[in-house]
Every structure is written in structure tokens, then in C-alpha cells.
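The values are calculated or read from the model by the stated rules, or taken from the named source; none is laboratory data. Computed from a predicted model, the values in this text were never measured in an experiment. Cβ coordinates were reconstructed from backbone atoms using ideal geometry, including for glycine residues, and neighbour counts include every protein chain displayed. In case anyone asks, the SASA skips ligands and DNA or RNA and just uses the protein heavy atoms, side chains included. Shrake-Rupley method; radii C 1.70, N 1.55, O 1.52, S 1.80 Å.
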Amino acid sequence: MSEPSQVEAARVPLVEVVGMTKRFGALLALNGVSVRLEPGSFHAILGENGAGKSTLVKCIMGYYRPDAGRLLLDGVQHDIYNPRQALAHGLGLVYQHFTLVPNMTAAENLVLGQTHASPTIDWANERARIESFQRNMPFHVDLDARVTSLAAGEKQKLEILKQLYLGHRVMILDEPTSVLTPSEADQVLGMLRDLTKAGRLSVVLITHKFREVRAFAEDVTVLRGGRLVGAGKVAELNDADLAGLMFGRETVFASADRTATKPGKAALEVRSVTTLNDKAMTACDALSLTVREGEILGVAGVAGNGQRELVEVLAGQRGIEAGEVRVAGVHYDRSRKQMRRYGVHLLTEEPLQNSCVRGMSVAENLSFRNFDDGANVQLGCFVRRSVLRRHARTLIQRYDIRTPTPDARLDTLSGGNVQRTVLARELSGTVSVLIAQNPCVGLDFSATSEIHSQIITARNRGAAILLFSEDLDELLELADRIVVMSEGHIVYETPRAAADVETIGLYMAGHRSEREDLWASNA
Amino acid sequence: MSVGGDIGVWSVLLAIVGSALRVSTPYLFVSLGETLTEKSGRINLGLEGTLMMGAMSGYAVALGTGSPWLGVLGAGVTGAAFGLLHAGLCSLPRVNDIAVGIALFIFGTGFAVYLGKPLVHPVAPRLPDIDLGFWSSLPSLRAALQVNALLIIGILLAPAMLWILHNTRWGLKLRTVGDSADAARALGYSINGVRATATAIGGFFAGVGGAFLSLYYPGAWTENLSSGQGLMAVTLVIFARWNPINCVFAALLFGGASALGPALQAVGITSNYYLYGAAPYVLTLVLLIRTSSTKHRLFGAPSELSINK
Amino acid sequence: MIGAAVWRGPEAAVLTVGAVLVALLAFGIFVAFTGLDPFAVYKVLYLGAFGSRFSIETTLTLAAPIMLTALCVVIPARAGLLIIGGEGALVLGGLGSVLAGVALNGAPASLATPLILLAGAAAGAIWIAIPAALRQFRGVNETISTLLFNYIAIALLNHLVSGPIRDYGQPLKPTSWPIPSAFMIGTIPGLSVHWGLVYGVAACLVAFVVLRQTTFGFALSILGGNLRAAQMAGLPVAALALTAAALGGAAAGLAGAVEVVAVHGAASISLVVGYGYAGILVAFVARQNPLAVVLAALLVGGISASGGLLQRRFGMPDAASTVLEGCIFLAVLGSNSLYGRLRFLQSRSAEVK
Ligand SMILES: Nc1ncnc2c1ncn2[C@@H]1O[C@H](COP(=O)(O)OP(=O)(O)OP(=O)(O)O)[C@@H](O)[C@H]1O
Ligand SMILES: [Mg+2]
């Protein structure tokens, strides 16, 4: 049924998801979520990072096998264990990360997902069909271009064209607009809305941007921590309601003791830094920041707006195209010598990928910063393992790392304990500059407040702290000053005292110039 | 230029063409097979062993049945079995495909020599010649154009493979698996299954290449029949940029380069004999250096290939 | 993932021994099919490898160069590089030592011999540092380039010994000029095994200490385990990788030099007998641990040494030892997938009892 000529013929089914549950090890990523998608409706799913949105739609598509839950199409239950089955039922998903085949042409990618088809491809015929299909589309992709040569926006359009060309009746899009410009996003979503209005398609749109929800969606479902926390008609909810549901206002942390220090000299300066992402596109665009001694500067923003690349620049993991980083007033070359001299430390997200070695022991991982320090070395080149181990024991106790012995391999520890290991390593030396990126993701309540108080303590000691977080509550609790990062720029800045969760949320969600309207509506 | 000089140049050229055509056939088969395997995202460094197993089993089957063509088939089947062994081991977690390839190279070579011990003396029926130079009366030209049907099959196989890779669902599936495991998973393809099929076919081809060695040229089973053609296949594929048609030219080029030294020697030019032999390797290395970058991958390389990560 | 191969003590030992036993079992089943008594074969295998003074000496002599070429895999692997260029580095080491030996003609042996060995090691070091540099600065895959380098080295050897440095007094096989016989190293007192064994074992011990106990080794483990973590720790990534590759190359180059000064007295194609590939096998069987390399090299050397006896007793082809080595390699690689599942295996076997 994947032939476009039959698009008119096939009906759009009523899709119901009932009690979807999915665990990853100990983590309950999705907890009994139910969603109902009327034929021809445009349904938005909102939720902060890690809320379980992608997990939900991957369970629907058979990409993951849910632990519990059912999928009903027109009231009939279907067991879908493999994405091919979902595709055959007319369900299409534009994944959060591209699933185009890089070394194939656009045309080849378009025909890939066809399910009921002959073993050979009649390209003349197929091309004629693709071309007539493209004529009815508001945007076009060069059919003979290789995917590698397409820009991110074009790739995203191709992904969407692919789903439409395959004649899917239910289209799920997982944050499709993060790589599109606002006008491209409007064009794409507008076309999809027209198709739903015409009754030819149902759309599920996962997004962080309220503007898109408001402009295009009829229904909205909000997830948080794997649970359904709200659902309803978009028209009946205002942005403040949505932000409240998404970011969970009821979680209130006990504020850590913060001494009233006056920020000192500029300790870390990012001066007009431009850097590229892995696809060689600009990730940070002449971005500048200054963090002073005794200050926590919080950086808010939706993932994928250049935060990761900026952290990598500061960590020495990514090249700088233009601009400069300065620490304590001098050029910072990110060498071990300078890191040590100026006390630069980092807490990055996904420590197993970014800052630890799985196959080395806890004690070894704890000593990456100081294994070659004077006191730990004898005869000029030998590591004094006994000293490192003793040092590790102290840290394990102080930071409450749950490990059987200091010699256990790091990857035998739970995620939270891996994080504590990094925390112990990075915070135990003399910290003058600390760069922290989502330091509490995946940690339980007590560990989180402990890390928070560690960060505050470092600040009280006079350290300059740059804190990247996707959790607004965390920023509101910790930061002295908050900036919002969006599309590689700093788009908003506010002192903590004047910070307002809805305002920041709106800037995170892509608002730029509506600042006045916002103040007006809040007043 | 003197007449004598002309004849000298011509006979060198003819000798090179003739032996290039003969020598290149195994290169062609192993590289076509490896292209398919690498297109699926795996690298099989063990084709040297597969080639030897193919040569040995092909010789044995031909000897037993009296039919060299059944020998070729037997060699292919043996090669496919080795391909499946590689694929099976590589589908296990934490198993590195390059290391498995080296292990199979050692194992296959040893196993072939072991089992082939009784085959050293008997004479198996040889694959027939095809006389492409029948129209000429020059004996040296006729000798140079005596080729084997396998060469022609190999040359025809290349465009067929290209067609399959671009015009069939299975070809697209194979390329998807080799290029983006994420895309393959999103489409519900069995990644290990596709790779096993591709590695088995690659092994089949390498086995056939081995049968050419023992059943046509040099045309007997010996313990050092292969001189690294199987290991070279991997670099040949890189040289051919993962394109089957280019494999034909690359195989002819490599065959020609390895024929260059002997041909020059035949007319009395013996200096630098071995340096000419190194030409294919140096050529490949230069190509690799020119096309690699720390920022992006080799052009045309399947993205899932471990040597590209 | 090669570089992250950190010795997991008992688990690795159990898996390796288990894999070797499985390989022996498979080999036994195979020989049973060919009509031989597997237990008789096992016995001869043992006798040929370790059963007599002579067989032990043969085993030790064969194991010596393999220990060194295995280090050419093990040391770079610590930095995350999969180098298979040991064969070529060995050849270059042989050539380097011959040139040094000829150049030093007339010098006192006590001075010349160490210099010859050093020259061999230096040639190997430079030879393997080149692919590592290509990797660091051009992104050229080091496995493929070292494979090519092997062929280039062999071509270079053939070229040199058949012309530029040929000893025309040797009519049978193209051979290089000989090094002065005074520079040859003899055998270890009381054994008819040359000093190469001592160098091999010493190199493994030194490699073990350097990789395990020094700050350099520690930094290499971080780099090989996770490039990003090494960058974050501010380590000089390129310098570390190049040094590791050069040290590995030096070990293989030393193997070539030892073959020249202890065995052949000159360079020829006799240097190319597969020690480089045997080194890869040994490195993987030893799971990239330099101390285990000594044992694994003895195992592989022993299997090779027993080839002759198997041939004489049972009329087995001498490739029997290669078959067994291949089986061991495959079994050890396959056993990698059992890491971490061992506890499950143990508890199940406990239940069975
Ligand atoms: N394959 C996996 N294995 C283990 N944990 C996973 C896996 N996929 C997701 N998770 C975890 O499940 C939780 C939900 O993830 P999910 O990707 O659904 O979030 P999301 O709502 O899509 O967030 P984002 O907005 O960042 O895309 C997260 O805590 C994530 O770390
Ligand atoms: Mg998501």
C-alpha cells in the first residue's frame, strides 16, 4: 500500500496507545502512558529532556519492545515487534536523529522503506512517480544528490518527504524542527497541518517549542519523568500552564547555603568563539561569556543548541575555528599544564563516554588529574599505586561512592556512582574554574542535592563555575546569573533574583523578539 | 627507433598484457567479494585463508569428479563456509572483525595446506582456455590473449554486482546496513543477517578466485600458491573505492604491476625487479594518504566499516 | 576497543585457558576424523614442545622473536592503535642491523653488537611511527597502512638483497652482505638457545613495568581506553600515540636484528617467515598483557616446534601446527564475548553439581 497513487484510497486509522511501559535496566523510562490519536488530528507531545518522548514513539514503532502496553489501530490490537510491521501498517516515524543512509542518493532513500514491493526497482518508473509526487509538495530535494552533500535542513525535509512518499497515514515526528530555520519549520508543519485538515494524515509532533504547538497542534500531551502529566486541547491551555506541566513546578529543592560573596575578577572568558559540530556546521557562533570568581553562571537551553560543542571546546575535545578562551586573564591552550596551574575542572555529561575509562579501576579513574603529580610519583616516572589507592579510599568514603573495592572496574558501578567518581575526582583538587554540564542527570534526589551543595561550596570558596543544565529548577537553585543559549548564541541574560521560569522557558523554546509581549502578558 | 627495438617493446607489452590478464583473475574475484562484504559494513581480512581453502578444495573436487567446473563450485562453497564462520564470530559481542580476519587467515592457510598434502602430486583436470586471439597469426599475441572463462565471468560479474547494488531491494538493504546501522534498525533490517549473507558471498567469490589458482594458473596445488592476493584484496577494494567496476581496473592494474617485473626480466631488464612489484602497495598508500582526513571519512566508504571509525 | 583491553585477572585467565582447551579439543576431533588417535597426538604435541631438552630449546628459540613482534601489537594497542605491521618492522630491523654491522666493520664487538641491535630497533621504530603519524595527522587507518607497509618492507628487502647490498658470493639465495662474524651473538651459557630469548623476555618485563607502573603507561591506558577522556585530562595525545607506536616498532625491529646477529648473519628472505603474524596471534591470546605474552609465545613456539615431531610420528603435514594455532586464535577471539557472563556460567555449573 506504499504507492503514492493510492494515498487517497487508504484510510487514516484511529491510533490508541494504552499503558505503555518501558524499562532500561533499573530506569523506568516510560511508565504506563496512554495517548489517543483521532484520525486527521495534529497532536503535540511536550516534555523536557529525558521525559520519555522518544521512548514512547519508539515503542509504538516496534523499535523498542515495550514491557507493557498495547497499540490499537481502529480499535484492533496489533503486536508490533519490528519497525517493518509498523511501516506496513502505515505508521511512519521521523526519528530524532537522522536515519537516512549517508552514501545513498535522495531517490534511493525515498524508495528504501517500501514494504510490499518487487525485488527489483524499476528506476524509470519510480523516478517518474517521485517527480509527480514532488510536484505536489511545497519543497523539493535534488533526487540525485547524495545525503552526505545535503545540509541538515534538507535532510530533514527529505526524511519527511520519505514518510509521505511511502504513503504513511500516521506520521510521528520526533523534534523535527531542531535543524530547520523557523520559516522552514513553518513551511513543513504548515503542509502537514493542511494534510491533516484534508483528513489524509494524522500527525504526532514531539517538540520543545510552544510556538509550534500553539500554531499547529490541536491536542497536546505532556510527559515528565516517563509519566503522563497532562493532556488536553491546545486552545484551552496557555504557555504558562504548559511550562508548569513540562518543568514540574511542584519539585522544590532545599536551597543550599549560599554565602553572599561579591563576584571577583573574570576567571573564565569565552571570547567570540566559533566552533563546528560533527557535521562541520556552525555550532557556536562568535559566542562570548564571562564567569567571575565566586560566581555561578547558569546556561539554560534545549539540548542541541551548541552547549555540548562549547563544553567540548572548554574540555579540549574540539577545535576552535575562531575566537579565544582565556583563564585568569591569559590565553588558555587546554593543556594539562594549564589545567593544573589554573585549577580548571570539568563535570561533563555521560561520564563513561566523555571523561572516564570503563576498563580502568575506580582508583585509576579517580587519579586522572593527579597520577603524575609530585607526591604520587617516585623515581621520576613510577606511579605510586599504593598512594593513589589510599587517596582513592579517602575519596570513596568522602563522596560515598558505592564500590566493593577501589580496584573494581568502573563500568561495574551504577551510573550514579560513576558520576560520583567523576565528581570526587574533579572537585577534590584546588578548583578555580569548574565547568559542569548536566551534572545531576540520572541521579536520585539525595545525590542531586549533594552535588548541588558541593557546587555551592566551591563557589563560596571563590571558584568560577559555568553550569550548563537542561533542568531549569537546578539553574534557579544554583546560579547567580542565568543566560539562555539558543542556536549557538546567547539570547537572554538575567540575574537569578529576577529570573522567571516561564520567561526562560519561552526563550529556551525559541522565542527571541517577543520579549515585550511576554512582559505585557505577565504583568 | 630500430625495428628490433620495436619488437622488444611490443613483446614486453604483450607479455605484460598476457600475464596481467592471467594474474588479475584471483585479484578480481577476491576484490569483488570483499567489496560486497565491506559494503555491508564488515571487513574480512581472512580472504587469504579463504583463497587457499578454495584453491585446495577446488583442486580436490576437480580431481575427484574429473570436472574442473565442479571444482570451482566446490571452492566457492568452501569459501562461503569460511565467510559464515567469520560472520558468526563477528556477530558475537566484543569481537573485532579485523582480528577474526587475521585468525582466519592463519587458520585457513594452515588448514588448506594440511588437507592439501595428498594433492601435491596428482594432476587435476585444468579449466579450459578461451582463445581470444584466434583472429591473429602472431603467436605471441595469441598466447597473450589466451584467457580463462573465469576472467570473463568475473568481468561480467562486476557490472552485474553494480546493478544489483543499485537496482534491487536486497542491494539497497545491503548498502543501508553497511552505511548506517541506525537507518537499518529503523527499517527493521537484521543487521547481522545481512552481513552474514554478504560475508558468505564474499567468501564464495574468494574461493572461486582460489580455484582459478589451482585449476588454471599456475594450475596446480602447491603450498605457497597464493602470494598475498587475499590480503591485498582489502586494499584493492579501498583502491577501487568500493565500486565493482573499478575493481576490474584495479585488479588488472595490480595484475599488470605484478607482471611488470617478470615481463621486464624476460627481456633482460632485471634491475629494480622487486620495486616494480611494490608498485600496487605504494599506489594504494598514496591514494589513502591523499583521500583520508582527520575530519571526515574516505569518499564512498561504507560508514559502518570499522576502519572508517 | 582493542586499547581498552585491560587485564581482568582471573576472568581473562580462565577464559583464555578455556579457549585454548576448546581449540585443543576441536583439533583433537579433527585429527580423529583423519584417523589418528587424538590422545597420542596430544602426547606428541607435548613431547615435541616441552618433552626433551632439544624440543625445549627449539621452542625457546622460536618463541624469542615472537615475544618481540607481539609487543609490536601490545604496546600500540595500549594507545588504541591496531598495528599489524610487525612483519615489516622485523624486516626493517634486519636491514638496519645489517647496514650498521657492515658500517661498523673493524669496531670492537663489545661496542658494535649493541649498536647493531640499537640500529635494528631504531629502524623498526621509525617504520611503525610513520603509520601512527599518518593516523594522527591525516586520519589514515593504521591497520590498513601497516598491512601495506609489510608488503613494501618485503619488496624493499628483496630489492636490496638482490642488487644494492647483495653478497654475490652466495649463489643459492639472494642474501645481503654478511655482518662481520665477530659481531654475532652466541648462545646463553648451558643452553643452545641464543641470547634473543633473554632480550625477548626482558623486553616483555620492561614493557610490563612501563605500561603498568609508569606515568607514561598510565597516560597510554587513558588514551587507549577513551580518547575523549585523555583530551579532557589534557594529555598530549599525538605524542603519546607516536611514542607507543615507535616503542612497538622498536621491539619488532629488535627481533629482526636478533635474527640477523644470532641466526642468519645477513638479511635475506629468510627473515620473512611469519613471525610478525605469529606476534599478532600471541598478542591476542595474551589479551594484550606483556607478561602473558611470554607464556603465549612459549605456547605458540612450542606448537611450532612440535610440528616436526608430529610429521615424523604420524606423517602429519607440518601445517598441523598452523591449524592448531588458527584454532586457538579463533577460540580466544570468540571467548571475548563471554566476558562478564562468567559468573552466570559458574553459578550454573555450581547448580549442576
Ligand atoms: N537505549 C537506552 N538505554 C538506556 N536508557 C535509555 C535508552 N534510551 C533512552 N534511555 C533513557 O530513558 C529516558 C528517556 O529517554 P528519551 O530518549 O525517551 O527522552 P526524550 O523525552 O526523548 O528526551 P529528549 O528531549 O532529550 O529527546 C532517559 O533517561 C534516557 O537516558
Ligand atoms: Mg527524544
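Pick out which of B:Gly71, B:Gly207, B:Gly110 has the largest mean-square fluctuation in a Gaussian network model of chain B, springs linking Cα atoms closer than 10 Å. Result for chain B, Cα springs under 10 Å: B:Gly110 fluctuates most.
Axis angle, to the nearest 10 degrees, between helix A:385-398 and the longest C-alpha principal axis of chain A: 70 degrees. Please report, as a whole percent, how much of the solvent-accessible surface of chain C comes from carbon and sulfur atoms (probe radius 1.4 Å). Whole-percent figure for carbon plus sulfur exposure: 69.
Taken about its Cα centre, chain B carries a charge dipole of roughly 720 debye when the Cβ of each Lys and Arg holds +1 and the Cβ of each Asp and Glu holds -1. Here the spin labels are modelled as points 7 Å beyond Cα on the Cα-Cβ line, and at A:Ala498 and B:Trp170 they lie 6.9 nm apart. Summing Cβ point charges (Lys, Arg +1; Asp, Glu -1) relative to the Cα centre of segment A:328-401 gives a dipole of roughly 320 debye.
For the pair C:Leu111 and C:Ala182, label points projected 7 Å from Cα toward Cβ lie 1.1 nm apart. For peptide B:270-277, the mean count of partner chain Cβ atoms within 10 Å of a residue's Cβ comes to 5.
Accessible area per residue of segment C:37-315 at 1.4 Å probe, in Å²?
Accessible area per residue: 33 Å².
Cross-link pairs exceeding 23 Å in C-alpha to C-alpha distance, out of A:Lys58/B:Lys39; A:Lys58/A:Lys209; A:Lys58/B:Lys173; A:Lys262/A:Lys337, comprise A:Lys58/B:Lys39; A:Lys262/A:Lys337.
The C and B chains share an interface that buries close to 4000 Å² of accessible area, total over both sides, probe 1.4 Å.
Simple rule: put +1 on each Lys or Arg Cβ and -1 on each Asp or Glu Cβ in segment C:37-315, find the dipole, and look at C:Gly96, C:Gly163, C:Pro178; the Cα lying farthest toward the positive end is C:Gly96.
Just from its helices, what would the mean residue ellipticity at 222 nm be for chain B, if runs of 4 or more DSSP H residues each count -39500 (n - 2.57) and the sum is divided by every residue, rounded to the nearest 500 deg cm²/dmol? Mind showing how you got there, number by number?
Working: 13 runs with 217 residues, N = 309.
The helix contribution divided over chain B gives -23500 deg cm²/dmol.
Across B:Ile102, B:Ile153, B:Ile16, mean-square fluctuation computed from a Gaussian network of chain B (C-alpha pairs under 10 Å connected) peaks at B:Ile153. In segment A:15-247, taking the dipole from charged Cβ atoms about the Cα centre, the farthest positive-side position among A:Thr115, A:Tyr63, A:Gly47 is held by A:Tyr63.
Counting only protein heavy atoms and a 1.4 Å probe, chain A has 41 square angstrom of accessible area per residue. The angle between the Cα long axis of helix A:123-135 and the longest principal axis of the Cα atoms of chain A comes to about 80 degrees, rounded to the nearest 10. Of the residues C:Ala255, C:Tyr339, C:Ala49, the one whose Cα sits farthest towards the positive end of the charge dipole of chain C is C:Tyr339 (charges of +1 on Lys and Arg Cβ, -1 on Asp and Glu Cβ, taken about the Cα centre).
From helices alone, chain A scores -9500 deg cm²/dmol at 222 nm; the rule is -39500 (n - 2.57) for each run of n ≥ 4 DSSP H residues, then divide by the residue total.
Using C-alpha pairs below 8 Å separated by at least 6 residues, the relative contact order for chain A is 15 percent. Taking Lys and Arg as +1 and Asp and Glu as -1, the other residues whose beta-carbon sits under 12 Å from that of C:Ile144 total -1.
The C-alpha atoms of chain A define a longest principal axis, and helix A:445-460 lies at about 50 degrees to it.
Counting Cβ atoms of other protein chains within 10 Å of each residue's Cβ and taking the mean over peptide A:378-387 gives 3.
For segment A:425-483 and segment C:202-257, what is the separation of their Cα centres, given in Å? If we compute the Cα centre of each part, the gap is 35 Å. Spin-label model, A:Asp194/B:Ser271: points 7 Å from Cα along the beta carbon direction are separated by 7.6 nm. In this Cβ point-charge picture (+1 for Lys and Arg, -1 for Asp and Glu), segment A:1-160 has a dipole of about 460 debye about its Cα centre. Partner shielding of A:355-363 amounts to 6, given as the average count of beta-carbon atoms from other chains within 10 Å of each residue beta-carbon.
Counting alpha carbon pairs within less than 8 Å and at least 6 residues apart, what relative contact order, in whole percent, applies to chain C? Don't skip to the end; give the middle numbers.
Numbers: 653 pairs, mean separation 123.7, N = 353.
Computed over chain C, the figure is 35 percent.
The Cα center of segment B:95-109 and the Cα center of segment A:192-225 differ in position by 52 Å. With the full set of protein chains in place, find how many percent of the accessible area of segment B:9-308 is carbon and sulfur; take the probe as 1.4 Å. In segment B:9-308, the share of accessible area belonging to carbon and sulfur is 68 percent. The packing ranking of peptides B:77-90, A:70-83, highest mean first, is B:77-90, A:70-83, where packing means the average number of other beta carbon atoms within 10 angstrom of each residue.
For chain B, complete DSSP H runs whose alpha carbons reach 30 Å or more along their own long axis and whose mean Kyte-Doolittle score is -0.5 or higher are B:3-39, B:68-90, B:191-215, B:244-266.
Packing-based ranking of B:282-292, A:155-165 yields A:155-165, B:282-292, ordered from highest to lowest mean Cβ neighbour count within 10 Å.
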